[in-house]
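Novice: The following block contains the structure, expressed as structure tokens.
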């Protein structure tokens, strides 16, 4: 049999290394180990890349998918570097970067009725390893919350505008953190957390809780930042919040990033 | 010069006519004539299709784009059938269907301060003409509004959850209607309309107005339906509303469609 | 304890029934029974609605979520009517409608190397039941495929433009159909099916297969329609295809719907 | 009249400054001055932020919208710093950041028939000014192109898989650059550029041109990088490319960033 030409392995003379090359937008079923010592199944959208030195024309795309099938089915913070390390073995290069973005579920109990229901939250794992052995892990939670406007409450005789907001909270830490704990830090920083099942007694409770805890988008990111500053294991964070204002057709937005 | 083969014009023996074939997802700048007798420029996402009889293998895709360039730059309800009629001339067939989806702007004055600001709203024109001369025009406005929950207000000692909602209101009418008038019907049916510029005096006014006018998603679609029922020119409508609940991570939804 | 006011149960005098009211955009983990007699876990986006008679002011939103938690965790065509029937019991009304939209995975073997890899495909279950006992089930698969342009091949001395396309294929059937079989009908109708892992020998095979099987978007929907016409259990179908043309920044589109 | 409480102006004792706070997701009509000395109207999605010192509780959101109405209607690289400077005047702070993301149209002539048609391309202006007078301007073009796989061409007896790809090309420059010139750098780096109108003679030409110019996603970003390296005014760039592979349901991706 004739050998098929290996175009990717040809030499390249443009003398331009590539920072990251690989695949993006691939969906893959994953198991996530959660705080309750249970495994939950989800579906991740995956990006896998390595760097490419100047002298090589191309990478080998199919090897990314093969590595994913071998190492990518279980997301566990203790073994999260296995897949990018495997990419370096299969593909060469000095750095490998992997991202998994997936919905994560918690069971949450309504505050008065005690009714339980599942509620979702997006999570992103971003891991970079280098050939000399370093690992960087950035964990991000995307937490929907309720925010009630302090200004609207202060100036109005009755009521106050409130809305759903989205907190995007990324951390790097000196030891593994639970997804659930990061979500809680965002939820506690808002006017009220969200629920999937609320009976009338619960709806009364969350309405009043939100009214009693007004936060601007500025307060929301500061509250999360204060919690992150106080956490002994968090060495870097970035917290963004976006409120889908109920009085405007645009959003209020704030971000704080702590330098390492 | 050799004639290039015209594959599309070949015969097809599968005996299956095609309901609609053409192009989709094409962006095009358009001028819209508005109620204030001004022309506003916007950018539409366009879909253009015709039917294809069973005996033809394919349509001629480039002619859709040529017709759009000739007839599609101005959206005016009085001439809206010109483009689909031109498609029938260029492409043959018994039916042509065109859709334009675009952001539309109104200048809106804040309720107390009188500050003016532009606010956007998506609009869709869907027009179908037949070779025997009939024209069907469906006009849709996508109107963001504020909704405040009557149950939350009734059971809570203070406050009430509220949120942004989206009303999707489609009509067919016996005479041309202004986009602005349809938007107003949706806005008047909500707890409060949205603004782009609100000073503190305005924020107090809209907060209290929303609190004084609680509506469920059910009330919202019924209020729009009642207005549509009372309008002498509206012969068909469909009204949908989706509330991005500030207490849940899911949405409340309702729809009413009036049969012709 | 004081009884909390039940606003939803109040009378309504607008005399306007609501076609569908409920919840939308809720994500929920589901198990799907597949053709290989295995269960796969996925995450669905869910919409649940019932009709509301004119005399009632509102529905009870929390009951939809409670019903989902009780009946919605397993998607099986044999028991798919359980959830909407439960909605009718909990909420009253004459019709209940449920929709689940989720990614579905198959293991697919590369054509020459035999390497196996998972590939995803979106699926939608839409079920409507009525109080008098009828059930309507519409199953939709969203199948990505490759299409190679017959005209481009016929007129060009070398090469032919090709691209990813999306087939949206919905059916109603007289007996349960497997998701996998519907996907196969769409894949066989295209120039070539897609794979997640392709080694060089495979890439040669799929490139040549696509070149040898050119299809217009018109051919693609007709090929699926012909297969659906020939299937004894399919009583209704709608097949749409959209090609993300590699020579344009817009898409080619076609649709065929068979009336019942 | 009683003074309404100014909650935003209250003191804050959490001692946490905010990097950016403001508004996001606001749509606004804009005029863009193009290379042909014409003005084209588009619709931008806008984000406007300033930093907030630790001692202030909140910013004043309405002033962002007022500044936008005063300065934001015309996008011209020569006056692009006016709006963020105005934000610093109205809101205080040490840094202001503005972003406009909008579709931009060019008229493009088909290569053989000479037929002209408009084709769209997204563009982003990101401008940051500081209170001490510095201005940073990052211009990004999102350019759809065609890419044909060199490996598929080399190993296959006939045909080669190709697809639409998206180049995201950002630059900082020592003098103003035209949007049109950046788009051209991306288009010339691909297998072929895209068109809105192509007659059969044109389709033959672009099919063969793509076949004669195969590029991997790696080649595409390197070709753009080489052009950017050679451009005397470009002092920084980042070029990303994503190919919507016609043989996979995932994308090939590469990025090169030049440090300043």
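Novice: Please compute the Kirkwood hydrodynamic radius of the stretch C:18-259 from all pairs of different C-alpha atoms, in Å with one decimal.
Specialist: 19.6 Å
Novice: Helix D:179-188 versus the longest principal axis of chain D: what is the Cα-based angle in degrees, 0 to 90, to the nearest 10?
Specialist: Long axis of D:179-188 versus the principal axis of chain D: about 30 degrees.
Novice: Please list the three semi-axes, largest first and in whole Å, of the ellipsoid equivalent to the stretch B:154-256, using sqrt of 5 times the eigenvalues of its alpha carbon gyration tensor.
Specialist: Working through the eigenvalues yields semi-axes of 27, 17, 12 Å.
Novice: With springs connecting C-alpha atoms under 10 Å apart, model chain C as a Gaussian network and identify which of C:123, C:30, C:112 has the largest mean-square fluctuation.
Specialist: C:112
Novice: Here is a further query. Which of C:193, C:157, C:138 moves the most in a Gaussian network model of chain C with Cα springs under 10 Å?
Specialist: It is C:157.
Novice: Within the stretch D:214-232, what residues put their amide N at less than 19 Å from the label point 7 Å along the Cα-to-Cβ vector of residue D:184?
Specialist: D:223-232
Novice: May I pose another question? Size of the stretch D:79-206 along its principal axes in angstrom, Cα-based, largest extent first?
Specialist: Projected onto the principal axes, the Cα atoms of the stretch D:79-206 cover 65, 34, 22 Å.
Novice: Let me ask something else about it. Using a 10 angstrom cutoff on alpha carbons, build the Gaussian network for chain A and name the most mobile of A:234, A:155, A:23.
Specialist: A:155
Novice: I've got another one for you. Over all directions, what mean area does the Cα convex hull of the stretch B:115-186 project, stated in square nanometres?
Specialist: The orientation-averaged projected area of the Cα hull of the stretch B:115-186 comes to 7.5 nm².
Novice: Determine, from the Cβ-Cβ distance of residue C:112 and residue D:112 and an R0 of 45 Å, the FRET efficiency 1/(1 + (r/R0)^6), rounded to the nearest 0.05.
Specialist: After rounding to 0.05, the efficiency reads 0.75.
Novice: Still on this structure, I have one more. Which residue of chain C is nearest the rotation axis onto chain A, counting by its Cβ, and what is the distance in whole Å?
Specialist: So the chain C residue sitting closest to the axis is C:41, 2.
Novice: Between 0 and 90 degrees, rounded to the nearest ten: what's the tilt of helix D:82-91 against the longest Cα principal axis of chain D?
Specialist: Result, in degrees: 30.
Novice: Between copies, how far apart are the residue B:176 label points? List them in nm, one decimal, shortest first, with each point 7 Å from Cα toward Cβ, please?
Specialist: Here residue B:176 shows inter-copy label distances of 3.8, 5.5, 6.7 nm.
Novice: Indicate, rounded to the nearest 5 percent, the antiparallel portion of the DSSP beta bridges found entirely in chain D.
Specialist: 95 percent
Novice: Continuing with this model, one more query. Angle check, please: helix D:200-212 long axis (alpha carbons) against the longest principal axis of chain D (alpha carbons), in degrees 0 to 90, nearest 10.
Specialist: 90 degrees
Novice: A follow-up question, please. Set the Förster distance to 45 Å, then compute FRET efficiency between residue A:233 and residue D:236 from the Cβ-Cβ distance, nearest 0.05.
Specialist: 0.80
Novice: Given the rule -39500 (n - 2.57) for each run of at least 4 DSSP H residues, summed and divided by the residues of chain D, what is its mean residue ellipticity at 222 nm, to the nearest 500 deg cm²/dmol?
Specialist: -7500 deg cm²/dmol
Novice: So what is the relative contact order for the stretch C:64-128, in percent, with contacts set as C-alpha pairs under 8 Å and at least six apart?
Specialist: 30 percent
Novice: Using Cα pairs closer than 8 Å and at least 6 residues apart in sequence, work out the relative contact order for chain B, in percent.
Specialist: 14 percent
Novice: Quick check on the protein assembly as shown: what does the Kirkwood estimate of hydrodynamic radius come out to from the alpha carbon pairs, in Å?
Specialist: 30.4 Å
Readers should treat all values here as calculations from the given coordinates under stated rules, not as data from a laboratory. Small disclaimer: the values here were computed from a predicted structure and weren't measured. Glycine gets a Cβ as well: all are built from the backbone with ideal geometry, and neighbour counts include every protein chain shown.
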